[in-house]
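The values are calculated or read from the model by the stated rules, or taken from the named source; none is laboratory data. Nothing here was measured: the structure is a model prediction, and the numbers come from that model. Backbone-built Cβ (ideal geometry, glycine too); neighbour counts: all protein chains shown. Side chains included, ligands, DNA and RNA excluded: accessible areas come from the protein's heavy atoms. Shrake-Rupley method; radii C 1.70, N 1.55, O 1.52, S 1.80 Å.
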Amino acid sequence: MNRRGVSCLINGNSDIDVVNSSTFCDGRLLQINIIVDDQAITIFNVYAPCNSSERKYFFTDLQERIAKTTNQVIIGGDFNTVLNTYLDKYPPTTYPDQSRKPLNDLMLTEKLTDIWRHRNDDVIAFTRSRIVNNVRSASRIDRFLLSNSLILNVSHCNIFNYPFSDHDIITLRLNLSLFPRGSGVWIFNNQLLEDDDFCLEIGEVIRSMKMHTDFETNFLEWYDNLKGKIKYQSIKFSKRKQRKQRKVKRILEKKIMYEKYKAQKFCDYNFTRLQNLEDELNNIVSKKR
């Protein structure tokens, strides 16, 4: 069978900024690098081969890709093998699987945890089941692995029955605002005052705050609250602006790569467009310094 392929859907209204994405292993592996809440995270979506020999090399390749990133890591998908043949498989078996050791090595070396098993130590549950010749078999081959440093950020990880497939649903929810942060001192970015949209938003904040009774009765307390509102709005605006700039930067980089390809291919290529794109990119980069 040649059926394979993985995908990842991201809510367009979320604060997730997709940096880049790539597919490997004939579509069995999808890697997405994202930034959310100022944290860099690499997500791998996997559909491991059914053949144990192929699966062994698949996990070895996956480990090499994980080792190349310094980001927090989340891996989700169909691993097509179990980690515990007694808890994760029915009926329990001791059948040999040469891919199990590479997967365990991957988890140990890259400091990854099977988060559902971590939260359900001795629970027996499965994500795939089928009946062949009136004989039922089941296994927990679908799972999330994540960096040990993310464990405390997990609010839940559950398995739900899905009647329209032989695989059930496994969900994972993280609260990324729990990332440890330094105490630090917030310093206002004066360059924001040159942004008309920012000035309009802050003006609206001030007008809204002036409607509060504290403005007349307790000005000092009102002023402290106003400073907090301006700080919150400034940080929010800056993050939104940075996301837009990163998106524009990625688009320009892709256009520049395409223009360089055309410059190599066509001897009569006009370098004006390439120069304009590079100038535009340099302008964005210089503003960030």
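Annotation: of all residues in the range 26-57 being small (Gly, Ala, Ser) and either out of contact with any helix residue (DSSP H, G or I) (no Cβ under 8 Å at 6 or more places or on another chain) or farther than 21 Å from residue 143 by Cβ (or both), the one that is surrounded by the most Cβ atoms within 10 Å (Cβ to Cβ) is 52. Pairs are defined by a Cβ separation below 6 Å, a sequence spacing of at least 6 or placement on different chains, a first member in the range 39-54 that is touching a residue at least 40 places away in the same chain (Cβ under 8 Å) and more than 18 Å from residue 17 (Cβ to Cβ), and a second member that is in a strand (DSSP E or B) and open to solvent by 10 Å² or more (accessible area, probe 1.4 Å); the pairs so defined are 46/77; 47/77; 47/78. Checked against (1) surrounded by 13 or more Cβ atoms within 10 Å (Cβ to Cβ); (2) within 27 Å of the chain's Cα centre (by Cα), residue 215 meets all criteria but (2).
Just a yes or no: is a residue in the range 24-32 in contact (Cβ under 8 Å) with a residue 12 or more places away in the chain, within 22 Å of residue 102 (Cβ to Cβ) and of a type in the set (Asp, Glu)? Scanning the range 24-32, I find at least one residue that is in contact (Cβ under 8 Å) with a residue 12 or more places away in the chain, within 22 Å of residue 102 (Cβ to Cβ) and of a type in the set (Asp, Glu), so the answer is yes. For the range 120-138, a residue qualifies if it is crowded, with 19+ Cβ neighbours inside 10 Å and assigned to a strand (DSSP E or B), and exactly one does: 138.
Can you find even one residue in the range 224-244 that is of a type in the set (A, V, I, L, M, F, W, C), touching a Leu at 6+ places or on another chain (Cβ under 8 Å), modelled with pLDDT of 85 or more and farther than 30 Å from residue 20 by Cα?
No, the conditions are met nowhere in the range 224-244.
May I ask you to verify whether residue 156 is open to solvent by 60 Å² or more (accessible area, probe 1.4 Å) and touching a helix residue (DSSP H, G or I) at 6+ places or on another chain (Cβ under 9 Å)?
no
Residue pairs whose Cβ atoms lie under 8 Å apart, sitting 6 or more positions apart in sequence or on different chains, and linking a residue in the range 197-208 that is more than 15 Å from residue 226 (Cβ to Cβ) to a partner that is among the aliphatic types (A, V, I, L, M) and assigned to a helix (DSSP H, G or I), are 198/192; 199/193. Within the range 102-114, being outside any strand (DSSP E or B) and in contact with a helix residue (DSSP H, G or I) (Cβ under 8 Å, 6 or more places away or on another chain) holds for 102, 103, 105, 106, 109, 110, 111. Pairing each residue of the range 91-120 that is more than 22 Å from residue 50 (Cα to Cα) with any residue that is among the hydroxyl-bearing types (Ser, Thr, Tyr) and at pLDDT below 95, provided the two are 6+ apart or on different chains, yields C-beta distances under 8 Å for 111/149. Every condition in (1) free of Cβ contacts under 8 Å to residues at least 60 places away in the same chain; (2) surrounded by 15 or more Cβ atoms within 10 Å (Cβ to Cβ); (3) outside any loop (DSSP other than H, G, I, E, B) is met by residue 73 except one, and the failing one is (1).
In this structure, is residue 83 open to solvent by less than 20 Å² (accessible area, probe 1.4 Å), touching a strand residue (DSSP E or B) at 6+ places or on another chain (Cβ under 8 Å) and over 15 Å from residue 28 (Cβ atoms)? Criteria not met by residue 83. Take residue 232 and tell me if it is under 29 Å from residue 36 (Cβ atoms) and out of contact with any Asp or Glu (no Cβ under 7 Å at 6 or more places or on another chain). So residue 232 fits the description; yes. Restricting to the range 231-260, and then to whatever is open to solvent by less than 60 Å² (accessible area, probe 1.4 Å) and without any contact (Cβ under 8 Å) to a residue 40 or more places away in the chain, can you tell me which residue is farthest from the chain's Cα centre (by Cα)? Only one residue tops the list, namely 259. Among residues of the range 185-196 that are under 16 Å from residue 227 (Cα atoms) and touching a residue at least 12 places away in the same chain (Cβ under 8 Å), those with a beta-carbon under 8 Å from a residue that is loosely packed, with under 13 Cβ neighbours inside 10 Å and charged (D, E, K, R) at least six positions away or on a different chain give the pairs 186/231; 188/231. Restricted to the range 1-25, and to residues there that are surrounded by 12 or more Cβ atoms within 10 Å (Cβ to Cβ), at pLDDT 85 or above and not aliphatic (A, V, I, L, M), the residue that is farthest from residue 73 (Cα to Cα) is 25.
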